[in-house]
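Bear in mind these aren't lab numbers, they're just calculated from the coordinates by the rules spelled out. Keep in mind it's a predicted model, so treat the numbers as computed, not measured. Every residue, glycine among them, receives a Cβ derived from its backbone with ideal geometry; neighbour counts consider all protein chains shown.
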Amino acid sequence: MAMKARLLAAAATCVCLAAAASAFDVPTVAFEEGFSPLFGDGNLVRARDDRAARLLLDRRSGSGFISSDYYLHGFFSASIKLPRDYTAGVVVAFYLSNGDVYEKTHDELDLEFLGSRWGGQWRVQTNVYGNGSTSRGREERYLLPFDPTLEAHRYSILWAPTHIIFYVDDTPIREVVRHPGMGGDFPAKPMAVYATIWDGSAWATEGGKYKVNYKYAPFASDFSDLSLRGCRVADPAALSSDAAGGCDLLRLMTADYAVMTPQKRAAMRAFRARQMTYTVCYDAARYAAGPFPECDNSDEERGTFWAWGESKTVVMKTRGRGRRGRGSRTGAGARGRAGAASS
């Protein structure tokens, strides 16, 4: 039985790697072509060739940028390298939102990266909000099967009228299929694309127990391979069905990143079984009335989660203090700012 379990695990790993090996063929844009600075002034450092940007967080400020256009559906992607070493309380985010246009009824799709006390052990959290449904958060959290601080990995969001897919590299990690019972909770208004780094000490690491320690600042996150494959909207406040006039929605819906093949679904299930630490779909403590209508639950899978949605089997492993010496952190921080200026 032990040998069989190892073989099944190896097969699942192969499925994930096979999916990741087939890269999506999507064009990228220069920063000037698709984005504008959002906040942070000097903490946003653009590469000399304008194909990448570094976001810094220090005592003075975080930083961020925003797409120059709003989109009604699309595929949005970036290669991201996360800050090294002690990063408790740090949040790096790549997301879609229209909160500046619809303050009380905003939509949002998030990939949020949550720092930790141990270098390289970042978690990623996905969120889905529609029509201001922040009181009905649809969060999931996952460990990453690699060290995201050593090199950049691609993270993507596919937002179609019928479904949403979150990707790590080219492996889907979550699919949200639009269900009639979701009503306005499915994002349906034009959104802009954001990238930010900020201080999330109040909640990001073990519920706010561990805060950002600015002794290790600046925290640097690199964004490259920026891709905006969406239906541009001239007026984000326009809600008519032809707001994205001229957009080839059929081409979007039939692209490889929008289609969930059996192979990709198997890769997604394997990833979730090994890496997912929390899902709202099994959080009976928070939602006693039952799971959301789009949740694809099973009795077998439910048995691997506690009643509050945390996994019984997928947990973050602590690392010894000897693996994150103070000297190496200081050096990494000093190199971070200098490296961005010379890129």
Next item on the list: Between the alpha-carbon centers of region 280-310 and region 209-234, tell me the distance in whole angstrom.
Entry: 30
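Between the DSSP loop rule and a limit of at most 15 other Cβ atoms within 10 Å, which trypsin sites (Lys or Arg not before Pro) in region 156-243 are left? Each step should come with its number before you reach the end.
Working: sites: Arg174, Arg178, Lys209, Lys211, Lys215, Arg229, Arg232; in loops: Arg178, Lys209, Lys211.
The qualifying sites are Lys209, Lys211.
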Notebook entry, point to check: Distance in nm between label sites at Asp147 and Lys211, each 7 Å beyond Cα in the beta-carbon direction?
Noted result: 2.9
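Which value results when the Cα radius of gyration for region 157-204 is divided by 2.2 N^0.38 Å?
Values: Rg = 13.8 Å, N = 48, 2.2 N^0.38 = 9.6 Å.
Scaled against compact globular proteins, the figure is 1.44.
Express in nm, to one decimal, how much length is gained between Met260 and Val177 on full extension, taking 0.36 nm for each residue of separation and deducting their alpha carbon distance. Write down the numbers at each step before the final one.
On the way: separation 83, 0.36 × 83 = 29.88 nm, distance 1.09 nm.
Residue separation times 0.36 nm, minus the Cα-Cα distance, leaves 28.8 nm.
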Notebook entry, point to check: Expressed as a fraction of 2.2 N^0.38 Å, the rule-of-thumb size for a compact globular protein of N residues, what is the C-alpha radius of gyration of region 147-270?
Noted result: 1.31
Notebook entry, point to check: Lys104: which aspartates and glutamates have alpha carbons under 19 Å from its alpha carbon, excluding same-chain residues fewer than 8 sequence positions away?
Noted result: Asp185, Asp235
Margin query: Placing one identical point scatterer on every Cα of region 31-304 and ignoring solvent, what is log10 I(q)/I(0) from the Debye formula at q = 0.08, 0.17 Å⁻¹?
Written below: -0.32, -1.54
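Report, as a whole number in µm² per second, the diffusion coefficient that Stokes-Einstein gives for region 130-189 at 4 °C and 1.567 mPa s using the Kirkwood radius over alpha carbon pairs. Each step should come with its number before you reach the end.
Working: Rh = 13.3 Å.
The estimated diffusion coefficient comes to 97 µm²/s.
Relative to the Cα centre, what is the charge dipole magnitude of region 134-188, using +1 at the beta carbon of each Lys and Arg, -1 at the beta carbon of each Asp and Glu, and rounding to the nearest 20 debye? Mind showing how you got there, number by number?
On the way: 6 positive and 8 negative charges, 63 e Å.
It works out to roughly 300 debye.
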Next item on the list: Would you mind computing, in nm to one decimal, how far apart the modelled labels at Ala238 and Asp225 are, each placed 7 Å from Cα along Cα→Cβ?
Entry: 3.4
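State, as an integer percentage, the relative contact order of region 31-304 based on alpha-carbon contacts under 8 Å between residues 6 or more apart. Kindly include the intermediate steps, with their values, before the conclusion.
Working: 634 pairs, mean separation 71.8, N = 274.
Answer for region 31-304 is 26 percent.
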Check: Working out 0.36 nm times the residue gap between Trp306 and Arg59, then minus their Cα-Cα distance, what length gain in nm do you get to one decimal?
Finding: 85.1 nm
Next item on the list: Taking a cut-off of 26 Å between Cα atoms, list the lysines near Lys317, but don't count ones fewer than 8 places away on the same chain.
Entry: Lys4, Lys81, Lys209, Lys211, Lys215
Item checked: In nm, spacing of pseudo-spin labels at Leu249 and Ala284 (7 Å Cα→C-beta vector) -> 4.0
Note to self: Report the gain in length on full extension from Thr105 to Ala30: 0.36 nm times residue separation, minus Cα-Cα distance, nm rounded to one decimal.
What the structure shows: 23.9 nm
Checklist line | Rh (Kirkwood; distinct C-alpha pairs) - region 183-241, Å | finding: 15.7
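Could you work out Rg/(2.2 N^0.38 Å) for region 70-165, with Rg from alpha carbons only?
Details: Rg = 14.3 Å, N = 96, 2.2 N^0.38 = 12.5 Å.
Cα Rg divided by the expected 2.2 N^0.38 Å: 1.15.
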